[in-house]
Amino acid sequence: MKGNIAIADELYKASAISEAPKEITEIFCARNDRASFQIFLDAEHEACRVNTGSAPALGMHVSRPVYRVRVTAPFEVRLYVEKYLPDAHGVPFAEILDDAPNGDFDGNVPPAVWADILVPADAKAGRYSVTIDAYVCVGATNERLAAHRELTLEVYPCALPSPRDYTIYLDLWQHNSNLARYYGTELWSDEHFAVMEKAVKTLAELGQKSVTVLLGDCPWRGWGCYLMQSTPAELYEYSMARVVKKTNGNFSYDFSAVERYVNLCEKYGMTGDISVYGLLGIWKMPYFPAAQVQHAEQVLIRYLDETDGAYRYIEKENDLAAYLAAAFNFFKTKGWFEKTLISGDEPSDMTAYRKSMEFIKNIEPNAKFKLALDHASVIEEFADSLNCCAASFPCTCKQRDFLLSFKGERRKLLFYVCNIPDHPNTVLKSRLLEAELLGVLAYKLNFDGFLRWAHYCWTKAPLENISYNTLSLPSGDVCFVYPNRRGGFLLSLRYKALQRGIQHFELLKRVPEQTACRLAEAVLLREDFSDYMLDDRHASQGIYSEDPTRYEELRRALLAAFSEVAV
């Protein structure tokens, strides 16, 4: 019957090619947690509108049916219309959780609503009733009740820790110049910081630790976006420092934007390292016009020349050295020097990288470094200087034992997925259970946490198409969150799945080790990580369970075990 509904678990990802979901009758969570599920409406492949609010929802196509969804629970309920985005092949996948009350569907994909029931820390453990009602009308006619369902919500006795108390070392990079560009604000202005604060909140809710700071322009050269006209995006990141060359030839340095941003992040519990990019490991991209610098790498430090009001770039190495010395002095003055890490990302020219590192160490012998890389041999060479290392998943699997020898009390060891491997990953086409798996992987690897290169590195029209340079980057590689119409952010299904994966890590760390290992092995099917990869891009089959039921059982078992030790 038109208007019937199906209730699915939170790991189901709808698409134009997905099978129908398996229906559920129960949901569960801890205290200080969320219980989530999805509501799919049977519109019989007709175009329609979905309304999650109480106001009228007439649209341009007034003869199309409007389905209004209502969820009633003893705790706060938040509903989101699921918005689909196409992958590189044009296949739409459910992705964005739109907090606007109305959403339109063209009939080619199933209309869907995501539901979060927010259970507070002081809730009583037990079983509760949740009801879902779907109403339908056309235009300004009377609604009729099209479907009614009931779910049982089980609340476990334990309470999840606050994200600021998470132990996982999470490093999702922040592309803040991208925010200014999209929202049309001046870089590092009050308006820009208002947007950044909203972005930081989405990171804090995951337990983010690292703070991304740029002290040089375009270290990634915009990921070559000027070469990718078929997938429009402007991905240049700019320095947070303001440099002025006075009429007497002396330079002045203003790091107030850095100070303001670090303080903002610390306010939300992001108290890990300050990852400073733009000073070494500069990418080389063809046809990128840039000033010539008397240095091993083309480090771009922009300054205002007061003699004529023109902006230029530092070209002399001694001027670059003075800038670096001023930056280190700033971090020392603020008491942040010990957690400031000069960071690089998969440098392709290791000879230039070595020279840059030596140059920096000559200026500040106690400088500390951080590197994301896909070759373990690089760690061996620079181990004495690295305070944090992030290895690609293929590198991690091949060189795990060596990488663990790097880990120490003052050294953080992370792994990352990006355009590789093909699975497990967190891109648009990835199954949601792959993102959940990352927390289990971090635990079993005995790594400190996880890194991802982009949390909000948006394309030109991210709400319509998030594909960029799809020969190298799978669709969805560039972000976990999206802009909304009110200057804020929309979460994604992938964000929610990663959040669950991080919670898995926290629970595994908090239950007895023997229990944790046994539960983790229920979804990780191979003990030996060395045979996880077939080659540099493709993972073996059968290394983890692809049955969503296994992940539900894992979470139930973790909550039960944590309830015993948390009392």
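The values are calculated or read from the model by the stated rules, or taken from the named source; none is laboratory data. It should be emphasised that the depicted structure is a prediction, and the values quoted were computed from it without experimental measurement. Because the Cβ atoms are built from the backbone with ideal geometry, glycine has one as well, and the counts that use them run over all protein chains shown.
Structure summary
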quantity	calculated
All positions within the stretch 180-223 that are touching a Pro at 6+ places or on another chain (Cβ under 7 Å) and among the β-branched types (V, I, T)	none
Enumeration of residues in the stretch 255-278 that are out of contact with any Leu (no Cβ under 6 Å at 6 or more places or on another chain) and closer than 16 Å to L215 by Cα	F255, S256, A257, V258, E259, R260, Y261, V262, I274
Selection count, the stretch 395-411, where residues are at pLDDT 85 or above and either touching a Leu at 6+ places or on another chain (Cβ under 8 Å) or of a type in the set (D, E, K, R) (or both)	10
Residue in the stretch 162-175 that is in contact with an Asp or Glu (Cβ under 7 Å, 6 or more places away or on another chain), in the same structural domain as T426 (by TED's automatic domain parsing), more than 16 Å from I5 (Cβ to Cβ) and in a strand (DSSP E or B) present	yes
Tally of residues being surrounded by 15 or more Cβ atoms within 10 Å (Cβ to Cβ), free of Cβ contacts under 8 Å to residues at least 40 places away in the same chain and not in a loop (DSSP other than H, G, I, E, B) across the stretch 370-391	8
Answer residue from the stretch 523-541, given it is among the small types (G, A, S) and out of contact with any Leu (no Cβ under 6 Å at 6 or more places or on another chain) and is surrounded by the fewest Cβ atoms within 10 Å (Cβ to Cβ) among those	S530
Single condition E143 does not satisfy, out of (1) out of contact with any Cys (no Cβ under 6 Å at 6 or more places or on another chain); (2) farther than 27 Å from K124 by Cβ; (3) not hydroxyl-bearing (S, T, Y)	(1)
Any hit, the stretch 346-363, residues being touching a helix residue (DSSP H, G or I) at 6+ places or on another chain (Cβ under 9 Å), β-branched (V, I, T) and over 27 Å from L403 (Cα atoms)	yes
Test: residue in the stretch 9-24 that is of a type outside the set (S, T, Y) and part of a strand (DSSP E or B)	no
Any hit, the stretch 208-227, residues being assigned to a loop (DSSP other than H, G, I, E, B), modelled with pLDDT under 95 and not polar (S, T, N, Q)	no
Of all residues in the stretch 85-123 being among the hydrophobic types (A, V, I, L, M, F, W, C) and closer than 18 Å to E205 by Cβ, the one that is surrounded by the most Cβ atoms within 10 Å (Cβ to Cβ)	V119
Elements of type strands (runs of 3 or more DSSP E) in the stretch 86-134, at least 2 residues being touching a Cys at 6+ places or on another chain (Cβ under 8 Å) and at pLDDT 95 or above	102-105, 112-119
Lone unmet requirement of (1) buried (at least 20 other Cβ atoms within 10 Å of the Cβ); (2) within 31 Å of the chain's Cα centre (by Cα) for A146	(2)
Set L491, L498, L508, L559: member being in contact (Cβ under 8 Å) with a residue 40 or more places away in the chain and not assigned by TED's automatic domain parsing to the domain that holds I420	L559
Among (1) buried (at least 17 other Cβ atoms within 10 Å of the Cβ); (2) touching a Ser or Thr at 6+ places or on another chain (Cβ under 9 Å); (3) closer than 23 Å to R149 by Cα; (4) of a type outside the set (S, T, N, Q) - the single one E82 does not satisfy	(2)
Test set (1) modelled with pLDDT of 95 or more; (2) within 25 Å of the chain's Cα centre (by Cα); (3) not small (G, A, S) - P365 fails condition number	(2)
Elements of type helices (runs of 4 or more DSSP H) in the stretch 454-567, at least 2 residues being modelled with pLDDT under 95	548-566
Positions within the stretch 308-325 being surrounded by 11 or more Cβ atoms within 10 Å (Cβ to Cβ) and either touching a residue at least 60 places away in the same chain (Cβ under 8 Å) or out of contact with any His (no Cβ under 7 Å at 6 or more places or on another chain) (or both), in sequence order	R312, Y313, I314, E315, K316, D319, A321, A322, Y323, L324, A325
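Residue-wise test of (1) buried (at least 23 other Cβ atoms within 10 Å of the Cβ); (2) touching a Phe, Trp or Tyr at 6+ places or on another chain (Cβ under 7 Å).
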residue	(1), (2)
L441	yes, no
T459	yes, yes
S475	yes, no
P483	no, yes
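Per-residue answers, yes or no, for (1) among the β-branched types (V, I, T); (2) touching a residue at least 24 places away in the same chain (Cβ under 8 Å):
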position: R49; (1), (2): no, yes
position: A57; (1), (2): no, yes
position: V81; (1), (2): yes, yes
position: Y84; (1), (2): no, yes
position: H89; (1), (2): no, no
position: F93; (1), (2): no, yes
